[in-house]
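Have a look at the structure below before the remarks.
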Amino acid sequence: MTTDPGLAGRPGRLSRRTITSYALGSVATGGFGTLPGLVLAYYLTDTLGVAAGVAGLVVTVPKLWDVVIDPFIGARSDTSAARHGSRRTFLLTGALTLPLLFAAVFATPRALDGAAAATWVVLAFVAAATAFSVFQVPYIALPAEIAPDYASRTRLLAPRIAVLAVAILAFGAGGPLVRDAAGGGRAGYLVMGLVGGVTIGLGMLAAWSGAPRRARVADGAPVPHARGDALRLGMAALREIPAFRRLLGAFLLQALATGAMLAGAQYVATYTLGNEDAVTFLFVALVAPALLVMPVGTRLARRFGKRRSFMGASILFTFAALSLVPMRWAPGGWVYASVALAGVAYAGMQLYPLAMLPDVVSVDARERGEDRAGVLGGVWTAGETAGLALGPTLVLGTLAVTGFVSKTAGQTVAQPGSALTGISLAFSLLPAALALLSLVPLSRYPLSADVVDHAAAVEVRP
(Lines give C-alpha, C1' and ligand atoms only; values in the text may rest on other atoms or scores of the structure.)
Protein backbone atom coordinates (compact mmCIF):
# COMPACT_ATOMS: atom_id res chain seq x y z
CA MET A 1 0.00 0.00 0.00
CA THR A 2 1.29 3.44 -0.87
CA THR A 3 1.25 6.12 1.78
CA ASP A 4 0.82 9.84 2.03
CA PRO A 5 4.07 11.56 2.95
CA GLY A 6 1.98 13.86 5.14
CA LEU A 7 1.38 10.94 7.46
CA ALA A 8 3.96 10.98 10.19
CA GLY A 9 5.12 7.74 11.73
CA ARG A 10 2.66 5.39 13.40
CA PRO A 11 -0.87 4.66 12.15
CA GLY A 12 -3.39 7.32 13.13
CA ARG A 13 -0.74 10.05 13.29
CA LEU A 14 -1.34 13.00 10.96
CA SER A 15 1.12 15.79 10.25
CA ARG A 16 0.17 19.39 10.97
CA ARG A 17 0.64 20.31 7.29
CA THR A 18 -1.78 17.60 6.18
CA ILE A 19 -4.43 18.68 8.67
CA THR A 20 -4.00 22.39 7.92
CA SER A 21 -4.05 22.19 4.13
CA TYR A 22 -7.06 19.89 4.15
CA ALA A 23 -8.89 22.17 6.57
CA LEU A 24 -8.28 25.24 4.39
CA GLY A 25 -10.19 23.61 1.57
CA SER A 26 -13.30 24.30 3.62
CA VAL A 27 -12.91 27.98 2.76
CA ALA A 28 -14.17 26.95 -0.68
CA THR A 29 -16.89 24.69 0.69
CA GLY A 30 -18.13 27.34 3.09
CA GLY A 31 -17.99 30.16 0.57
CA PHE A 32 -19.71 28.42 -2.32
CA GLY A 33 -22.32 26.83 -0.10
CA THR A 34 -23.06 29.92 1.97
CA LEU A 35 -23.01 33.04 -0.16
CA PRO A 36 -25.32 31.90 -3.00
CA GLY A 37 -27.54 30.16 -0.46
CA LEU A 38 -27.81 33.36 1.56
CA VAL A 39 -28.18 36.09 -1.06
CA LEU A 40 -28.96 34.56 -4.46
CA ALA A 41 -32.70 34.18 -3.94
CA TYR A 42 -32.89 37.70 -2.47
CA TYR A 43 -30.73 39.03 -5.34
CA LEU A 44 -33.17 37.57 -7.83
CA THR A 45 -36.41 38.72 -6.19
CA ASP A 46 -35.34 42.09 -4.72
CA THR A 47 -32.71 43.35 -7.19
CA LEU A 48 -33.41 41.73 -10.57
CA GLY A 49 -37.22 41.69 -10.25
CA VAL A 50 -37.53 37.93 -10.82
CA ALA A 51 -40.79 36.42 -9.57
CA ALA A 52 -40.39 34.10 -6.57
CA GLY A 53 -41.58 31.04 -8.50
CA VAL A 54 -39.12 31.64 -11.35
CA ALA A 55 -36.34 32.39 -8.86
CA GLY A 56 -37.00 28.98 -7.32
CA LEU A 57 -36.23 27.35 -10.66
CA VAL A 58 -33.06 29.42 -11.04
CA VAL A 59 -31.57 28.23 -7.76
CA THR A 60 -32.71 24.63 -8.35
CA VAL A 61 -31.59 23.87 -11.92
CA PRO A 62 -27.81 24.12 -11.28
CA LYS A 63 -28.07 21.76 -8.33
CA LEU A 64 -30.08 19.25 -10.30
CA TRP A 65 -27.23 19.41 -12.81
CA ASP A 66 -24.90 18.55 -9.91
CA VAL A 67 -26.85 15.36 -9.29
CA VAL A 68 -25.90 14.27 -12.81
CA ILE A 69 -22.33 15.55 -13.00
CA ASP A 70 -21.02 14.78 -9.49
CA PRO A 71 -21.05 10.95 -9.78
CA PHE A 72 -19.30 11.27 -13.16
CA ILE A 73 -16.58 13.46 -11.65
CA GLY A 74 -16.26 11.02 -8.76
CA ALA A 75 -15.79 8.08 -11.12
CA ARG A 76 -13.16 9.94 -13.11
CA SER A 77 -11.28 10.94 -9.96
CA ASP A 78 -11.27 7.30 -8.79
CA THR A 79 -9.76 6.33 -12.12
CA SER A 80 -7.10 9.01 -11.74
CA ALA A 81 -6.31 7.88 -8.19
CA ALA A 82 -5.97 4.26 -9.28
CA ARG A 83 -3.84 4.98 -12.35
CA HIS A 84 -1.73 7.87 -11.09
CA GLY A 85 -2.15 7.73 -7.32
CA SER A 86 -3.56 11.25 -7.06
CA ARG A 87 -6.67 13.40 -7.36
CA ARG A 88 -4.68 16.64 -7.46
CA THR A 89 -5.45 17.54 -11.09
CA PHE A 90 -9.13 17.81 -10.28
CA LEU A 91 -8.49 20.05 -7.28
CA LEU A 92 -6.31 22.40 -9.34
CA THR A 93 -8.75 22.57 -12.24
CA GLY A 94 -11.55 23.64 -9.91
CA ALA A 95 -9.32 26.23 -8.23
CA LEU A 96 -8.38 27.86 -11.53
CA THR A 97 -11.82 27.97 -13.12
CA LEU A 98 -14.22 28.81 -10.30
CA PRO A 99 -13.32 32.41 -9.31
CA LEU A 100 -14.46 34.13 -12.53
CA LEU A 101 -17.46 31.84 -12.97
CA PHE A 102 -18.56 32.60 -9.42
CA ALA A 103 -18.28 36.34 -10.05
CA ALA A 104 -20.29 35.94 -13.26
CA VAL A 105 -23.31 34.71 -11.26
CA PHE A 106 -23.57 38.20 -9.74
CA ALA A 107 -22.53 40.11 -12.88
CA THR A 108 -25.92 40.32 -14.58
CA PRO A 109 -25.79 43.09 -17.25
CA ARG A 110 -27.85 46.16 -16.40
CA ALA A 111 -29.87 45.74 -19.60
CA LEU A 112 -31.33 42.48 -18.27
CA ASP A 113 -34.07 42.06 -15.71
CA GLY A 114 -36.91 39.65 -15.04
CA ALA A 115 -36.80 36.48 -17.13
CA ALA A 116 -33.74 37.58 -19.14
CA ALA A 117 -31.78 38.21 -15.94
CA ALA A 118 -32.90 34.85 -14.60
CA THR A 119 -31.51 33.16 -17.73
CA TRP A 120 -28.12 34.83 -17.26
CA VAL A 121 -27.93 33.77 -13.63
CA VAL A 122 -28.93 30.16 -14.22
CA LEU A 123 -26.35 29.68 -17.02
CA ALA A 124 -23.56 31.25 -14.97
CA PHE A 125 -24.54 29.28 -11.90
CA VAL A 126 -24.51 25.97 -13.82
CA ALA A 127 -20.97 26.70 -15.02
CA ALA A 128 -19.81 27.73 -11.54
CA ALA A 129 -21.43 24.68 -9.95
CA THR A 130 -19.59 22.42 -12.41
CA ALA A 131 -16.23 24.01 -11.57
CA PHE A 132 -16.96 23.67 -7.87
CA SER A 133 -17.86 19.99 -8.25
CA VAL A 134 -14.57 19.30 -10.03
CA PHE A 135 -12.90 20.39 -6.79
CA GLN A 136 -15.38 19.32 -4.14
CA VAL A 137 -16.00 15.71 -5.16
CA PRO A 138 -12.36 14.54 -4.93
CA TYR A 139 -11.87 16.79 -1.88
CA ILE A 140 -14.61 14.88 -0.04
CA ALA A 141 -12.93 11.58 -1.04
CA LEU A 142 -9.52 12.49 0.45
CA PRO A 143 -10.06 11.69 4.17
CA ALA A 144 -10.34 7.96 3.53
CA GLU A 145 -6.89 8.15 1.89
CA ILE A 146 -5.32 10.58 4.37
CA ALA A 147 -6.57 9.26 7.73
CA PRO A 148 -6.21 5.51 8.35
CA ASP A 149 -8.66 4.79 11.21
CA TYR A 150 -11.92 5.73 12.94
CA ALA A 151 -10.43 8.13 15.51
CA SER A 152 -7.93 9.88 13.20
CA ARG A 153 -10.74 10.83 10.82
CA THR A 154 -12.44 12.82 13.56
CA ARG A 155 -9.10 14.53 14.30
CA LEU A 156 -8.71 15.37 10.60
CA LEU A 157 -12.28 16.60 10.16
CA ALA A 158 -12.61 18.67 13.36
CA PRO A 159 -10.20 21.43 12.16
CA ARG A 160 -11.87 21.32 8.77
CA ILE A 161 -15.26 21.95 10.35
CA ALA A 162 -13.77 24.77 12.43
CA VAL A 163 -12.44 26.40 9.25
CA LEU A 164 -15.80 25.74 7.61
CA ALA A 165 -17.52 27.57 10.46
CA VAL A 166 -15.14 30.53 10.08
CA ALA A 167 -15.70 30.54 6.31
CA ILE A 168 -19.47 30.46 6.73
CA LEU A 169 -19.23 33.31 9.21
CA ALA A 170 -16.90 35.33 6.97
CA PHE A 171 -18.91 34.83 3.80
CA GLY A 172 -22.32 34.99 5.45
CA ALA A 173 -21.62 38.10 7.52
CA GLY A 174 -18.97 39.68 5.29
CA GLY A 175 -20.64 39.11 1.91
CA PRO A 176 -23.56 41.46 2.58
CA LEU A 177 -21.16 43.97 4.18
CA VAL A 178 -19.02 44.00 1.01
CA ARG A 179 -22.15 44.35 -1.11
CA ASP A 180 -23.41 47.29 0.92
CA ALA A 181 -19.97 48.95 1.15
CA ALA A 182 -19.80 48.83 -2.66
CA GLY A 183 -23.08 50.73 -2.91
CA GLY A 184 -25.56 47.86 -3.00
CA GLY A 185 -27.63 47.05 -6.06
CA ARG A 186 -26.08 45.33 -9.05
CA ALA A 187 -22.67 46.98 -8.60
CA GLY A 188 -22.50 45.90 -4.99
CA TYR A 189 -23.33 42.30 -5.86
CA LEU A 190 -20.67 42.30 -8.60
CA VAL A 191 -17.94 43.41 -6.18
CA MET A 192 -19.14 40.84 -3.66
CA GLY A 193 -18.98 38.12 -6.32
CA LEU A 194 -15.43 39.04 -7.33
CA VAL A 195 -14.14 39.11 -3.75
CA GLY A 196 -15.94 35.88 -2.94
CA GLY A 197 -14.69 34.08 -6.04
CA VAL A 198 -11.04 34.98 -5.43
CA THR A 199 -11.25 33.92 -1.77
CA ILE A 200 -12.84 30.60 -2.69
CA GLY A 201 -10.10 29.98 -5.27
CA LEU A 202 -7.38 30.59 -2.68
CA GLY A 203 -8.94 28.02 -0.36
CA MET A 204 -9.00 25.49 -3.19
CA LEU A 205 -5.33 26.13 -3.97
CA ALA A 206 -4.43 25.53 -0.31
CA ALA A 207 -6.14 22.14 -0.37
CA TRP A 208 -4.46 21.24 -3.66
CA SER A 209 -1.01 22.17 -2.32
CA GLY A 210 -1.26 19.70 0.57
CA ALA A 211 -3.20 16.90 -1.10
CA PRO A 212 -1.47 13.49 -1.22
CA ARG A 213 0.71 12.96 -4.25
CA ARG A 214 0.30 9.25 -3.73
CA ALA A 215 -3.07 8.01 -2.48
CA ARG A 216 -3.65 5.10 -0.14
CA VAL A 217 -4.57 2.40 -2.65
CA ALA A 218 -4.03 -1.29 -2.36
CA ASP A 219 -1.13 -2.75 -4.36
CA GLY A 220 -2.40 -4.37 -7.51
CA ALA A 221 -5.91 -2.98 -7.09
CA PRO A 222 -7.84 -2.84 -10.36
CA VAL A 223 -8.51 0.46 -12.07
CA PRO A 224 -12.15 1.12 -11.15
CA HIS A 225 -14.91 1.82 -13.67
CA ALA A 226 -12.63 3.53 -16.18
CA ARG A 227 -15.42 3.65 -18.76
CA GLY A 228 -18.38 2.89 -16.56
CA ASP A 229 -21.68 4.69 -16.38
CA ALA A 230 -20.97 7.05 -13.48
CA LEU A 231 -24.61 7.65 -12.59
CA ARG A 232 -25.28 3.91 -12.62
CA LEU A 233 -22.28 3.34 -10.37
CA GLY A 234 -23.53 5.96 -7.96
CA MET A 235 -26.97 4.37 -7.81
CA ALA A 236 -25.33 0.98 -7.31
CA ALA A 237 -23.38 2.34 -4.36
CA LEU A 238 -26.58 3.62 -2.79
CA ARG A 239 -28.22 0.25 -3.29
CA GLU A 240 -25.29 -1.86 -2.07
CA ILE A 241 -24.16 0.10 1.00
CA PRO A 242 -26.93 0.53 3.61
CA ALA A 243 -24.67 2.59 5.91
CA PHE A 244 -23.99 5.07 3.10
CA ARG A 245 -27.65 5.27 2.12
CA ARG A 246 -28.77 6.03 5.68
CA LEU A 247 -26.01 8.51 6.41
CA LEU A 248 -26.62 10.35 3.14
CA GLY A 249 -30.37 10.37 3.76
CA ALA A 250 -29.91 12.07 7.12
CA PHE A 251 -27.37 14.53 5.74
CA LEU A 252 -29.55 15.38 2.73
CA LEU A 253 -32.54 16.20 4.92
CA GLN A 254 -30.35 18.36 7.13
CA ALA A 255 -28.89 20.10 4.09
CA LEU A 256 -32.47 20.95 3.13
CA ALA A 257 -33.01 22.35 6.62
CA THR A 258 -29.86 24.48 6.67
CA GLY A 259 -30.43 25.55 3.07
CA ALA A 260 -33.88 26.82 4.05
CA MET A 261 -32.46 28.77 6.99
CA LEU A 262 -29.72 30.25 4.81
CA ALA A 263 -32.16 31.41 2.15
CA GLY A 264 -34.65 32.69 4.68
CA ALA A 265 -32.18 34.71 6.76
CA GLN A 266 -32.12 37.78 4.53
CA TYR A 267 -35.92 37.82 4.28
CA VAL A 268 -36.23 37.49 8.08
CA ALA A 269 -33.77 40.35 8.56
CA THR A 270 -35.59 42.64 6.13
CA TYR A 271 -39.24 41.80 6.67
CA THR A 272 -39.45 40.28 10.18
CA LEU A 273 -36.74 42.15 12.10
CA GLY A 274 -37.20 45.27 9.96
CA ASN A 275 -33.51 45.80 9.13
CA GLU A 276 -31.77 44.43 6.04
CA ASP A 277 -28.39 44.67 7.83
CA ALA A 278 -29.62 42.33 10.59
CA VAL A 279 -28.66 39.39 8.37
CA THR A 280 -25.06 39.91 9.52
CA PHE A 281 -26.05 39.50 13.16
CA LEU A 282 -28.15 36.45 12.35
CA PHE A 283 -25.11 34.84 10.76
CA VAL A 284 -22.85 35.70 13.68
CA ALA A 285 -25.42 34.17 16.04
CA LEU A 286 -25.63 31.00 13.94
CA VAL A 287 -21.95 30.36 13.25
CA ALA A 288 -19.92 31.86 16.11
CA PRO A 289 -21.15 29.25 18.66
CA ALA A 290 -19.91 26.50 16.36
CA LEU A 291 -16.35 27.80 16.76
CA LEU A 292 -16.65 27.65 20.54
CA VAL A 293 -18.16 24.18 20.84
CA MET A 294 -16.10 22.33 18.22
CA PRO A 295 -13.55 20.93 20.75
CA VAL A 296 -16.47 19.74 22.87
CA GLY A 297 -17.96 18.04 19.84
CA THR A 298 -14.78 16.05 19.30
CA ARG A 299 -14.78 14.88 22.92
CA LEU A 300 -18.43 13.88 22.70
CA ALA A 301 -17.66 11.73 19.65
CA ARG A 302 -14.91 9.93 21.58
CA ARG A 303 -17.16 9.32 24.57
CA PHE A 304 -20.53 8.52 23.00
CA GLY A 305 -19.65 7.64 19.40
CA LYS A 306 -20.31 9.60 16.25
CA ARG A 307 -23.85 8.36 15.58
CA ARG A 308 -25.22 9.15 19.04
CA SER A 309 -23.51 12.53 19.05
CA PHE A 310 -24.95 13.27 15.60
CA MET A 311 -28.45 12.38 16.81
CA GLY A 312 -28.06 14.65 19.83
CA ALA A 313 -27.02 17.57 17.65
CA SER A 314 -29.99 16.96 15.33
CA ILE A 315 -32.46 16.95 18.21
CA LEU A 316 -31.01 20.17 19.59
CA PHE A 317 -31.30 21.84 16.17
CA THR A 318 -34.94 20.76 15.91
CA PHE A 319 -35.74 22.30 19.29
CA ALA A 320 -33.91 25.54 18.45
CA ALA A 321 -35.68 25.94 15.10
CA LEU A 322 -39.09 25.30 16.67
CA SER A 323 -38.42 27.98 19.26
CA LEU A 324 -38.30 30.53 16.41
CA VAL A 325 -41.92 30.00 15.33
CA PRO A 326 -43.34 32.89 17.44
CA MET A 327 -41.05 35.51 15.86
CA ARG A 328 -43.72 36.43 13.29
CA TRP A 329 -45.91 37.80 16.06
CA ALA A 330 -43.24 38.81 18.61
CA PRO A 331 -39.98 39.74 16.84
CA GLY A 332 -37.12 40.89 19.01
CA GLY A 333 -33.60 40.29 20.28
CA TRP A 334 -34.54 36.86 21.64
CA VAL A 335 -34.44 35.59 18.03
CA TYR A 336 -30.63 35.77 18.09
CA ALA A 337 -30.49 33.52 21.18
CA SER A 338 -32.55 30.83 19.46
CA VAL A 339 -30.42 31.11 16.32
CA ALA A 340 -27.28 30.79 18.47
CA LEU A 341 -28.66 27.57 20.00
CA ALA A 342 -29.21 26.27 16.46
CA GLY A 343 -25.57 27.24 15.78
CA VAL A 344 -24.35 25.01 18.61
CA ALA A 345 -26.24 22.11 17.03
CA TYR A 346 -25.09 23.04 13.53
CA ALA A 347 -21.46 22.41 14.53
CA GLY A 348 -22.26 18.77 15.26
CA MET A 349 -24.44 18.42 12.19
CA GLN A 350 -21.37 19.27 10.10
CA LEU A 351 -18.64 17.49 12.07
CA TYR A 352 -20.17 14.09 12.69
CA PRO A 353 -21.47 13.10 9.22
CA LEU A 354 -18.26 14.22 7.53
CA ALA A 355 -16.26 12.17 10.05
CA MET A 356 -18.54 9.17 9.47
CA LEU A 357 -18.33 9.22 5.65
CA PRO A 358 -14.65 8.07 5.51
CA ASP A 359 -15.59 5.14 7.78
CA VAL A 360 -18.20 4.09 5.22
CA VAL A 361 -15.67 4.47 2.39
CA SER A 362 -12.97 2.41 4.11
CA VAL A 363 -15.27 -0.42 5.17
CA ASP A 364 -16.73 -0.60 1.65
CA ALA A 365 -13.23 -0.71 0.11
CA ARG A 366 -12.17 -3.60 2.34
CA GLU A 367 -15.33 -5.60 1.75
CA ARG A 368 -15.40 -4.99 -2.00
CA GLY A 369 -11.68 -4.90 -2.76
CA GLU A 370 -12.08 -1.75 -4.86
CA ASP A 371 -11.77 1.93 -4.02
CA ARG A 372 -15.05 3.75 -4.63
CA ALA A 373 -14.18 6.86 -2.63
CA GLY A 374 -14.70 9.14 -5.62
CA VAL A 375 -18.05 7.63 -6.56
CA LEU A 376 -19.28 7.88 -2.97
CA GLY A 377 -17.91 11.40 -2.74
CA GLY A 378 -19.70 12.32 -5.94
CA VAL A 379 -23.03 10.99 -4.73
CA TRP A 380 -22.49 12.68 -1.35
CA THR A 381 -21.68 16.04 -2.93
CA ALA A 382 -24.65 15.74 -5.27
CA GLY A 383 -26.93 15.07 -2.30
CA GLU A 384 -25.47 17.93 -0.26
CA THR A 385 -25.62 20.50 -3.05
CA ALA A 386 -29.10 19.39 -4.07
CA GLY A 387 -30.24 19.77 -0.47
CA LEU A 388 -28.67 23.20 -0.10
CA ALA A 389 -30.37 24.26 -3.35
CA LEU A 390 -33.75 22.72 -2.71
CA GLY A 391 -33.84 24.37 0.71
CA PRO A 392 -34.01 27.81 -0.95
CA THR A 393 -36.47 26.35 -3.46
CA LEU A 394 -38.77 25.37 -0.59
CA VAL A 395 -38.44 28.88 0.85
CA LEU A 396 -39.18 30.54 -2.51
CA GLY A 397 -42.08 28.16 -3.06
CA THR A 398 -43.47 29.14 0.34
CA LEU A 399 -43.10 32.82 -0.56
CA ALA A 400 -44.81 32.31 -3.92
CA VAL A 401 -47.75 30.49 -2.31
CA THR A 402 -48.13 33.06 0.47
CA GLY A 403 -48.17 36.04 -1.93
CA PHE A 404 -44.68 37.53 -1.68
CA VAL A 405 -44.22 40.56 -3.99
CA SER A 406 -40.88 40.78 -5.88
CA LYS A 407 -39.23 44.09 -6.77
CA THR A 408 -36.23 45.61 -8.52
CA ALA A 409 -33.51 47.60 -6.75
CA GLY A 410 -34.78 50.94 -5.46
CA GLN A 411 -38.46 49.98 -5.40
CA THR A 412 -40.51 49.89 -2.21
CA VAL A 413 -43.34 47.39 -1.81
CA ALA A 414 -45.61 46.37 1.08
CA GLN A 415 -45.73 42.62 1.70
CA PRO A 416 -49.08 41.04 2.65
CA GLY A 417 -49.42 39.49 6.09
CA SER A 418 -49.56 36.02 4.57
CA ALA A 419 -46.11 36.51 3.03
CA LEU A 420 -44.70 37.70 6.37
CA THR A 421 -46.05 34.54 8.01
CA GLY A 422 -44.56 32.43 5.23
CA ILE A 423 -41.12 34.00 5.76
CA SER A 424 -41.16 33.22 9.49
CA LEU A 425 -42.37 29.64 9.12
CA ALA A 426 -39.88 28.91 6.32
CA PHE A 427 -37.10 29.92 8.72
CA SER A 428 -38.41 27.96 11.71
CA LEU A 429 -41.02 25.25 11.29
CA LEU A 430 -39.74 24.02 7.92
CA PRO A 431 -36.11 23.35 9.00
CA ALA A 432 -37.32 21.87 12.31
CA ALA A 433 -39.51 19.34 10.50
CA LEU A 434 -36.69 18.36 8.13
CA ALA A 435 -34.17 17.91 10.97
CA LEU A 436 -36.64 15.79 12.91
CA LEU A 437 -37.27 13.61 9.86
CA SER A 438 -33.50 13.07 9.45
CA LEU A 439 -33.47 11.06 12.70
CA VAL A 440 -35.30 8.20 10.95
CA PRO A 441 -32.43 7.09 8.64
CA LEU A 442 -29.79 8.14 11.17
CA SER A 443 -31.20 5.85 13.87
CA ARG A 444 -30.50 2.86 11.58
CA TYR A 445 -26.88 3.73 10.74
CA PRO A 446 -24.88 0.55 11.59
CA LEU A 447 -21.15 1.43 11.77
CA SER A 448 -19.58 1.83 15.21
CA ALA A 449 -15.91 2.27 16.15
CA ASP A 450 -15.62 -1.46 16.86
CA VAL A 451 -16.94 -2.38 13.41
CA VAL A 452 -14.72 0.10 11.57
CA ASP A 453 -11.49 -0.60 13.43
CA HIS A 454 -12.09 -4.35 13.50
CA ALA A 455 -12.23 -4.30 9.73
CA ALA A 456 -8.98 -2.40 9.68
CA ALA A 457 -7.32 -4.91 12.01
CA VAL A 458 -8.43 -7.80 9.83
CA GLU A 459 -6.96 -6.10 6.75
CA VAL A 460 -3.46 -5.73 8.22
CA ARG A 461 -3.32 -9.11 9.99
CA PRO A 462 -0.47 -11.28 8.58
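Of all residues in region 85-107, those that are at positive phi have Cβ atoms under 6 Å from Cβ atoms of residues that are of a type in the set (D, E, K, R) and at pLDDT below 90, 6 or more apart or on another chain, in GLY85/ARG214.
Please enumerate the residues belonging to region 406-420 that are within 20 Å of PRO331 (Cβ to Cβ), surrounded by 15 or more Cβ atoms within 10 Å (Cβ to Cβ) and either modelled with pLDDT of 85 or more or among the β-branched types (Val, Ile, Thr) (or both). If the condition is that a residue be within 20 Å of PRO331 (Cβ to Cβ), surrounded by 15 or more Cβ atoms within 10 Å (Cβ to Cβ) and either modelled with pLDDT of 85 or more or among the β-branched types (Val, Ile, Thr) (or both), then ALA419, LEU420 are the ones that fit.
Going by the structure shown, is SER418 farther than 30 Å from GLY305 by Cα, outside any loop (DSSP other than H, G, I, E, B) and without any contact (Cβ under 8 Å) to a residue 24 or more places away in the chain?
On the way: farther than 30 Å from GLY305 by Cα: yes; outside any loop (DSSP other than H, G, I, E, B): yes; without any contact (Cβ under 8 Å) to a residue 24 or more places away in the chain: yes.
Yes: the conditions hold for SER418.
Reported count of residues in region 347-372, each being assigned to a helix (DSSP H, G or I) and surrounded by fewer than 24 Cβ atoms within 10 Å (Cβ to Cβ), is 6.
Which one is surrounded by the fewest Cβ atoms within 10 Å (Cβ to Cβ) among residues in region 324-346 that are among the small types (Gly, Ala, Ser) and touching a residue at least 24 places away in the same chain (Cβ under 8 Å)?
Applying the first criterion (among the small types (Gly, Ala, Ser)) to region 324-346 yields 330, 332-333, 337-338, 340, 342-343, 345.
Right, trim to touching a residue at least 24 places away in the same chain (Cβ under 8 Å) and you get 337, 340, 342-343, 345.
Working: ALA337: 12, ALA340: 19, ALA342: 28, GLY343: 26, ALA345: 24.
Restricting to residues being among the small types (Gly, Ala, Ser) and touching a residue at least 24 places away in the same chain (Cβ under 8 Å), the top hit is ALA337.
Where helices (runs of 4 or more DSSP H) fall wholly inside region 1-88, the ranges with 2 or more residues that are over 22 Å from LEU190 (Cβ atoms), out of contact with any Leu (no Cβ under 7 Å at 6 or more places or on another chain) and modelled with pLDDT under 80 are 52-84.
For ASP78, indicate whether it is in contact with a helix residue (DSSP H, G or I) (Cβ under 7 Å, 6 or more places away or on another chain) and either more than 24 Å from PHE171 (Cα to Cα) or surrounded by fewer than 24 Cβ atoms within 10 Å (Cβ to Cβ) (or both).
Against the criterion (in contact with a helix residue (DSSP H, G or I) (Cβ under 7 Å, 6 or more places away or on another chain) and either more than 24 Å from PHE171 (Cα to Cα) or surrounded by fewer than 24 Cβ atoms within 10 Å (Cβ to Cβ) (or both)), ASP78 qualifies.
Listed by first and then second residue, the pairs with beta-carbon distance under 7 Å, at least 6 apart or on different chains, first residue in region 183-204 and free of Cβ contacts under 8 Å to residues at least 60 places away in the same chain, second charged (D, E, K, R) and surrounded by fewer than 23 Cβ atoms within 10 Å (Cβ to Cβ), are GLY188/ASP180. Scanning region 293-311 turns up one or more residues that are closer than 30 Å to ALA237 by Cβ and under 17 Å from the mean Cα position of the chain (by Cα). Considering only residues in region 99-121 that are in contact with a Gly (Cβ under 6 Å, 6 or more places away or on another chain) and more than 12 Å from LEU190 (Cα to Cα), the one that is surrounded by the most Cβ atoms within 10 Å (Cβ to Cβ) turns out to be PRO99.
Summed over region 141-189, residues that are more than 20 Å from PHE32 (Cα to Cα), within 19 Å of the chain's Cα centre (by Cα) and at pLDDT 75 or above total 2.
The values are calculated or read from the model by the stated rules, or taken from the named source; none is laboratory data. All values derive from a computational prediction rather than experimental measurement. Virtual Cβ from ideal backbone geometry, glycine too; neighbours counted across all protein chains shown.
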